[in-house]
1. Leaving out ligands and nucleic acids, note down the accessible area per residue over segment B:1-108 with a 1.4 angstrom probe, in whole Å².
2. For peptide A:177-188, how many partner chain Cβ atoms fall within 10 Å of a residue's Cβ, on average?
3. Using label points projected 7 Å from each Cα along Cα→Cβ, tell me how many nm separate A:Leu152 and A:Ala13, to one decimal.
4. Using the basic label-point model (7 angstrom from Cα toward the beta carbon), what is the B:Tyr148 to A:Phe41 distance in nanometres?
5. Between A:Tyr42, A:Tyr144, A:Tyr78, which gets the highest mean-square fluctuation from a Gaussian network model of chain A, Cα cutoff 10 Å?
6. Roughly how crowded by other chains is peptide B:7-16, in terms of the mean Cβ count from those chains within 10 Å of each of its Cβ atoms?
7. Using a/c under 1.5 as the rounded threshold, could you call the protein assembly as shown rounded, prolate or oblate? The axes a ≥ b ≥ c are square roots of the C-alpha gyration tensor eigenvalues, and prolate needs a/b larger than b/c, oblate otherwise.
8. Measure off 7 Å from each Cα along the Cα-to-Cβ vector at B:Gln40 and B:Leu73, then give the distance between these two points in nanometres to one decimal.
Amino acid sequence: MSGAATPAVATLAIAFAIGGAFGWLLERAGLGSARLLVGQFYFANLTVFKVLFSALVTAMLGAFWLDRAGLLDLGGVYVPETFAAPQALGGLLFGGGLLLAGLCPGTACVAAATGRSDGLAVMAGLVLGILAFNLAFDWLDQVYASTPLGTLTLPDLLHLPAGVVVALVAVMAVVMFVAAGRAMGRRRA
Amino acid sequence: MIGLRRMLGLAAMVLGGAAAASEMTGPDWTTAVALAERIQAGQPTQVFDLRSRAAFQRFHVASAVPATLADLLDLSSPRSASIVLYGDSRARVTQAWALLRIRGYRHVASLRQGLYEWIARVYEPALPVDATSAERAEFDRLAALSRYFGGQPRLDVPRAAVPGGYWTAGGGLGSRPSVETALLVAAIRRRGC
């Protein structure tokens, strides 16, 4: 194995380990169930919100403090550029597909891995969609690259220091978790 | 006995609050215009660029020298020296600031919005096409500074294309530097200092 290949292999190994852990946690949280995911849309079950928002807050606080400690350079973390129109269109398509299938790509993998037939069907649709998108990319290219807004972050948009935005999101998350917990409690009562 | 969920919520609140508080501490700020005026006036100021050598060679603040934390550890300037730091990592700038302060340097500051601010305010100031009289007066002052440092003041720039920051009422929203600036800034971390 060449020296240059080692970091790539290590990176892939780390990505595989993180992906595996993410899938296992999703499964343990019950997110392989389409019934549970769709419950989010009807406010019947807020597990998806709580699990994913917990992940977001944990990652945000971890990344912020690792950067502050000099262990992670956030400047080296790629932030995808915003393309307003195609991403809005993609969001609508994604939301429609999620509501229809009851699974998103990650949870579809989890559902498929646990042998659920709906998960396998969604994965098949996902692969076909990727194939169709790439075959049609020459025609979609104009839309794909339209309305570019560059790299946007909440601190840039709100004109606030990153630490203040982190604090606001953390407070918002805790308030939302409490509200979601109470709403679920009332529903069960 | 406090439950696990409450403990996690409390931890998130504490870490979030500390994140906001951390913005209040750390290096003292100086602005690009204040730094440029100091250099122009001949006031001795040491400027250290904490980015990579390649980034430094591509573009840097006038009179800046590249430096690593190890270089600063061996710095032998008088403790009363006026020092300005900038880089592409807030963590590195904070570490450098703390290192110099621990070593007894009393006048250490960082550039408030880093190299981006230097380019937007000093190297390539922009006059909006619909500028107010106050903005024109400010631009005249900045254009003179820019020419002193070999920069290129830009006239009649659409307001939406004027690089934004703490110095503009609308901040950075929707602002775009010129192509040349964009190429330079592309290599600079946006939220660093």
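1. Ligands and nucleic acids excluded, the figure is 54 Å² per residue.
2. That average works out to 1.
3. 4.0 nm
4. So the label points at B:Tyr148 and A:Phe41 sit 6.3 nm apart.
5. A:Tyr78
6. 6
7. It is prolate, given that a/c is not under 1.5 and a/b is the larger ratio.
8. Label at B:Gln40, label at B:Leu73, 3.9 nm between them.
The values are calculated or read from the model by the stated rules, or taken from the named source; none is laboratory data. Keep in mind that what you see is a predicted model, and the values were worked out from it rather than measured. Positions of Cβ are generated from backbone atoms using ideal geometry, with glycine treated the same way; all protein chains shown enter the neighbour counts. Side chains included, ligands, DNA and RNA excluded: accessible areas come from the protein's heavy atoms. Shrake-Rupley method; radii C 1.70, N 1.55, O 1.52, S 1.80 Å.
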